[in-house]
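One structure is given below, encoded as structure tokens.
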């Protein structure tokens, strides 16, 4: 093992593990330090590495991942079918195809207006946007400088949590989406995945090289 945890800090590593085990949302370093004041940010990072190494060495079915600006425990992908079988009700919370396509458009083109979404999808987006807002996967970031001052939609931190992303930079390029849909690349099959269930043609963007068709795709990243 390349990193060591001082003996006097091991009790705090166990406390950190307990916190992660019982949290259903990612824990930020600041939140952890509010509870375990004796750990520095660097020691928290080392503790996470130590725990993950222990999990690997003992063949555990889970690991700690850094997502949405914090740490959270995830089941390893090879066990996901068994977990889903135990939680059949979870299927009720899955997004519909229309919602996935709309969410993908927002993620790649944010900030974006309802009218722009409807122009890409070719259908009314009122109901889908209401669903995404109610589930806190999208939010309104302001108004566009256009006639009528329409609302601008962006994704939220909950979006990152839902799809297990650390930041918006983790979104695959469009070329990767094509490969994912064709081959179900293992890299993107961890937990819920937005991108294997969408039709990239619905995004209204070029697929070659994963390039976007305009300059708005990067504007709405989480700060």
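Residue-level check: of (1) assigned to a helix (DSSP H, G or I); (2) in contact with a helix residue (DSSP H, G or I) (Cβ under 9 Å, 6 or more places away or on another chain); (3) free of Cβ contacts under 8 Å to residues at least 24 places away in the same chain, residue 56 misses just (2).
Of all residues in the stretch 22-44, those satisfying the criterion of being in contact (Cβ under 8 Å) with a residue 12 or more places away in the chain and under 20 Å from the mean Cα position of the chain (by Cα) are 23, 25, 26, 27, 28, 29, 31. Report yes if some residue within the stretch 84-95 is modelled with pLDDT of 95 or more, outside any helix (DSSP H, G or I) and either within 23 Å of the chain's Cα centre (by Cα) or within 30 Å of residue 11 (Cβ to Cβ) (or both); otherwise report no. No, because not a single residue in the stretch 84-95 is modelled with pLDDT of 95 or more, outside any helix (DSSP H, G or I) and either within 23 Å of the chain's Cα centre (by Cα) or within 30 Å of residue 11 (Cβ to Cβ) (or both).
For the residues 141, 134, the requirement of being in contact with a strand residue (DSSP E or B) (Cβ under 6 Å, 6 or more places away or on another chain) and in the same structural domain as residue 154 (by TED's automatic domain parsing) singles out 141.
Restricting attention to the stretch 22-46, the residues that are part of a helix (DSSP H, G or I) and over 19 Å from residue 166 (Cα atoms) add up to 5. Residues considered: 99, 47. Of these, the only one that is touching a residue at least 40 places away in the same chain (Cβ under 8 Å) and touching a helix residue (DSSP H, G or I) at 6+ places or on another chain (Cβ under 7 Å) is 47. You will find that of 69, 164, the residue that is touching a residue at least 12 places away in the same chain (Cβ under 8 Å), assigned by TED's automatic domain parsing to the domain that holds residue 45, on the phi > 0 side of the Ramachandran plot and surrounded by 13 or more Cβ atoms within 10 Å (Cβ to Cβ) is 69 and no other.
The values are calculated or read from the model by the stated rules, or taken from the named source; none is laboratory data. All values derive from a computational prediction rather than experimental measurement. No Cβ is skipped: glycine too gets one built from the backbone with ideal geometry, and neighbour counts run over all protein chains shown.
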